[in-house]
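Structure first, commentary second.
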Amino acid sequence: MEQGHGALIEQLEGVETAAVAFSGGADSTLLLALLRKRLGAERVLALTAVTPYMVRQEIGDAVALTTKLAVRHELVEIPMPEGMEHNPADRCYRCKRAMYGHLLASAADHGFAPLLDGSNTDDADEQCPGLRALRELGIRSPFIEAGLDKAAVRQLAREMDLPTWHKPTTACLLTRIGFNVRFSMEQLQRIEEAERFLTQLGYTWVRLRCHGDLARIEVAPVQRERLLSDAGTVIEGIQRFGFRYVTMDLLGYQSGSMTD
C-alpha cells in the first residue's frame with residue numbers, strides 16, 4: 001500500500017491546478033481529497049456531469065461531499081448524446097466521449113487544467129469503451145498510472161476517513177436496460193424510484209434490471225435470503241412503480257449483467 005501511495009504521489013508531481021471529473025464515488029472522492037490536501041482548495045475544481053440518465057441521488061451526494069471537503073464544485077449539464085435513444089451497444093463510449101468533452105470545456109472555461117479522472121486498474125481493460133474515450137481526449141487517470149486497483153483505492157480512502165470508502169459502485173440507469181432497446185425518461189424514473197425503495201429497505205449492493213414490465217432484482221448474495229423473506233413487501237412496493245412481474249436473480253448482484 002505504501003508503494004502504491006508513493007507511486008500515486010509521483011504521478012501528481014508537477015500538477016499545480018486540477019479539475020476532477022467528480023461523480024461522488026469512492027474513486028473520484030479520494031482523488032479530489034488527495035488533490036485538495038496537496039494543492040489547496042483554491043487550486044482544485046470538482047466538475048460533476050449531470051446527464052438525463054444518471055441517478056439523481058448521486059448529484060445530491062456529490063454536492064454534500066464537495067461541501068464537506070470545502071472544494072469549489074460545478075454541475076455541468078450534458079445533453080443526450082446523439083444516437084443514445086435506443087441504448088446502443090456502444091453507449092458507454094458515446095456517453096464518455098460527450099461527457100468528458102463537456103467537462104474539458106468547462107475546466108478550460110474556469111481556468112483549470114488538467115482534467116483528471118478517478119478510474120483504477122480494475123477499469124483498465126484496453127477494450128473498455130469508456131476508457132478509450134478518455135484516452136482519445138487526453139485525460140489522465142492517476143490511479144491507473146500508479147497501479148492502484150479498487151481495493152487499494154478503498155483502503156486509502158478508509159485511511160483518510162472518507163465516508164465513501166465503502167460506498168457501493170454506481171452506474172447510469174441505462175445499465176438497467178438491455179442494449180438496443182428504446183427507452184423513455186418515464187421508464188428511467190420508474191427504475192430509479194424502485195431501486196431507491198429497495199435501498200431504503202436496507203439493500204446495499206442492488207440493481208433493478210428492467211425487462212419491459214418485469215423487474216429483475218439483483219442483491220448481494222448475503223442478502224438473497226432476506227429478499228425472499230421480504231418478498232411480499234418487495235413485490236407490493238415494486239408493483240407500485242408500474243412493474244407487473246417482480247423476480248429475484250438467483251445469481252445475485254452482477255456488474256454488467258445487461259451487456260448480453
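The values are calculated or read from the model by the stated rules, or taken from the named source; none is laboratory data. For clarity, every value in this text was computed on a predicted model and none was experimentally measured. Neighbour counts are summed over all protein chains in view; Cβ atoms, including those assigned to glycine, are modelled from backbone coordinates with ideal geometry. Protein only, heavy atoms only, side chains kept; ligands, DNA and RNA dropped before computing areas. Shrake-Rupley method; radii C 1.70, N 1.55, O 1.52, S 1.80 Å.
When the solvent-accessible surface of protein heavy atoms is calculated with a 1.4 angstrom probe, in what order do 190, 56, 182, 207 fall, highest first?
Details: 190 55, 56 100, 182 145, 207 20 Å².
Output order, biggest surface exposure first: 182, 56, 190, 207.
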Open item on the list: With a 1.4 Å probe and all protein chains kept in place, how much accessible area does residue 96 have, in Å² rounded to the nearest 10?
Closed with: 60
Task: Nearby aspartates and glutamates by direct alpha-carbon distance to residue 68 (threshold 14 angstrom, same-chain neighbours under 8 apart not counted) - done: 161
- [ ] May I ask you to rank 110, 166 by accessible area, largest first, using a 1.4 Å probe over the protein chains only?
- [x] 166, 110
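Does the range 92-155 classify as rounded, prolate or oblate by the C-alpha gyration tensor (a ≥ b ≥ c root eigenvalues; a/c under 1.5 gives rounded; else a/b over b/c gives prolate, otherwise oblate)?
Values: a/c = 2.51, a/b = 1.41, b/c = 1.78.
Oblate, because a/c is 1.5 or more while a/b does not exceed b/c.
Using only the alpha carbons of the chain, what is the convex hull's orientation-averaged projected area in square nanometres?
Its average projected convex-hull area is 13.6 nm².
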Task: Rounded accessible area of residue 9 (nearest 10 Å², 1.4 Å probe) - done: 50
Open item on the list: About the Cα centre, and with charges only on the beta carbon of Lys, Arg (+1) and Asp, Glu (-1), how big is the dipole of the range 6-119? Nearest 20 debye, please.
Closed with: 220
Task: Solvent exposure of the chain as accessible area per residue, Å², 1.4 Å probe - done: 48
Open item on the list: Please compute, for the alpha-carbon atoms of the range 88-220, the extent along each of the three principal axes and give them in descending order in Å.
Closed with: 45, 36, 30
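Quick one: order 185, 54, 160 from most to least accessible surface, probe 1.4 Å. Provide the component values of the computation, followed by the final result.
On the way: 185 90, 54 30, 160 65 Å².
Largest to smallest exposure gives the sequence 185, 160, 54.
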Task: Accessible-area value, residue 213, 1.4 Å probe, nucleic acids and ligands omitted, Å² - done: 70
Task: Placed amide H near residue 76: partners under 5 Å, 5+ positions off or other chain - done: 48, 49, 50
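Within a Cβ distance under 12 Å of residue 99, other residues only, what is the Lys/Arg minus Asp/Glu net charge? Please list the in-between numbers first.
Numbers: positive: 91, 94, 96, 97; negative: 77, 117.
Combined, the nearby Lys, Arg, Asp and Glu give +2.
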- [ ] Starting from the Kirkwood radius over alpha-carbon pairs of the range 148-260, derive D by Stokes-Einstein at 37 °C in a medium of 0.692 mPa s and give it in µm² s⁻¹.
- [x] 218
Task: For the range 13-114, the Rg and Dmax computed from alpha carbons only, in angstrom - done: 14.1, 43
Open item on the list: Ignoring ligands, DNA and RNA, please state the percent of accessible area on the chain from carbon and sulfur, probe 1.4 Å.
Closed with: 51
TODO: Could you tell me whether the range 136-196 comes out rounded, prolate or oblate from its Cα gyration tensor? Rule is a ≥ b ≥ c as square roots of the eigenvalues, rounded for a/c under 1.5, then prolate if a/b exceeds b/c, otherwise oblate.
DONE: oblate
